[in-house]
Amino acid sequence: MLYLRVAEQELVQLYLDKKLFSMVHFYVGQEAVAVGVCDALKPEDKVMGNHRSHGHYLAKGGNFRRMVCELLGRANGLARGKGGSMHMIDKSVNFIGSTPLLGSVVPLATGVAFEQKYNKRDTITTAFFGDGASEEGVVYESYNLAALYQVPLLLIVENNLFAINSKLKDRRAPGHSLEKIVSGFGIEYRKADGNDYKDVTTKAKELADFVRREKRPAMLECITYRHMAHSTPLMDEKYREVDTLEERTKQDSIAKLKVELLAGGTKESELALMEAELKKSVLADIQFALESPFPPKEDIYTDMYAE
Ligand SMILES: Cc1ncc(C[n+]2csc(CCOP(=O)(O)OP(=O)(O)O)c2C)c(N)n1
């Protein structure tokens, strides 16, 4: 979790230094969800993400160096520098794609899970998406198909209370219940405290086991909070009128784990050393990416899906 945090903090700096131009959506504050869920999966299980997927990719065992190359548009990036932050793919760790078209991860992951069922594999597919994405029409159709075809799909909703700047109460009628909606489709549902690693990973493990065993879809809704602006660090954040940074920091999953570790006998200096080492490795990867070449001009039409 700390690795994800440190890595993104350095990417923020890169953005502020005007070295990173790719559209970026930072995951800071939501780390317990990605790590808690991916820790509950097997390496062979497949994961798909969305526009805010740096954390999902790294938690699935991704390679930060190749990720930052992608963000900087370099030839050795995850999508050969042509995708950027929102189009990451790395089959070597079974992170099989992130798509920024809101909600699209759900039908795509349903299809991937269908293949797993069809070919009688023992693996499952996990789709990460936000509370906003969960309101897209195609998502409801996919719930129905996933339940109808009984596919091994684990749906992870990261409810960070906002879709860009619109709040849940402005988008959902009173009494709206995701639990009732998905249960109505025949999908097993649980809710977790997305600021609590143990709660997330325990429930994710239960559901991953359920999906693998029963070959049926399940959903874990994680209530979480994004600490940074929706997208670039300089975005306007006036919509957060009732929230204070102090309140958010109190709920922070990494800060909570730190308190626990210190109470359990870990020394402050050990944690500081761990953070310094992570930062060193992250900075080395960023430097590598900055020195990497852009794709050659001749490659501009390769890998393009066009007639
Ligand atoms: C089909 C579609 N409509 C609109 C957008 C623009 N858009 C990008 S992110 C976003 C909000 C996403 O909210 P949520 O799913 O809750 O995820 P979060 O950003 O909070 O992680 C919107 C509307 C989009 N990418 N795709």
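The values are calculated or read from the model by the stated rules, or taken from the named source; none is laboratory data. Predicted model, so just to flag it, every value in this text is computed and none were measured. Heads up, the Cβs are rebuilt from the backbone with ideal geometry, glycines too, and the neighbour counts pull from every protein chain shown.
Just one of the numbered conditions (1) part of a helix (DSSP H, G or I); (2) modelled with pLDDT under 90; (3) of a type outside the set (Val, Ile, Thr) is not true of Glu307; which one? That leaves (1) as the condition not met.
Each residue in region 193-212 was checked for being crowded, with 20+ Cβ neighbours inside 10 Å and of a type in the set (Lys, Arg), and 1 of them qualify.
From the list Ile164, Ile156, which residue is closer than 23 Å to His56 by Cα and surrounded by fewer than 19 Cβ atoms within 10 Å (Cβ to Cβ)? Walk me through how you get there before you give the answer.
Details: Ile156 fails: surrounded by fewer than 19 Cβ atoms within 10 Å (Cβ to Cβ).
One residue alone meets the criteria, Ile164.
If you check every pair at least six apart or on different chains, which have Cβ atoms under 6 Å apart with a residue in region 103-119 that is touching a residue at least 12 places away in the same chain (Cβ under 8 Å) first and a residue that is outside any helix (DSSP H, G or I) and among the aromatic types (Phe, Trp, Tyr) second? So the pair list comes out as Val105/Phe129. Looking only at residues in region 158-176 that are more than 6 Å from the ligand (Cβ to nearest atom) and hydrophobic (A, V, I, L, M, F, W, C), which one is farthest from Thr224 (Cα to Cα)? The qualifying residue farthest from Thr224 (Cα to Cα) is Ala173. For region 196-229, the set of residues classified as within 23 Å of Ser177 (Cα to Cα) and of a type in the set (Asp, Glu) consists of Asp196, Asp199, Glu206, Glu221, listed by residue number. Figure legend. Inter-residue proximity from region 44-68: first residues under 18 Å from Thr201 (Cα atoms), second residues within 11 Å of the ligand (Cβ to nearest atom) and part of a loop (DSSP other than H, G, I, E, B), beta-carbon distance below 7 Å, spacing 6+ or different chains. Indicated pairs: Gly55/Tyr27; Gly55/Gln30.
Take the residues in region 121-150 that are closer than 18 Å to Arg212 by Cα and aromatic (Phe, Trp, Tyr); name whichever of them is nearest to the ligand (Cβ to nearest atom).
Restricting to residues being closer than 18 Å to Arg212 by Cα and aromatic (Phe, Trp, Tyr), the top hit is Phe128.
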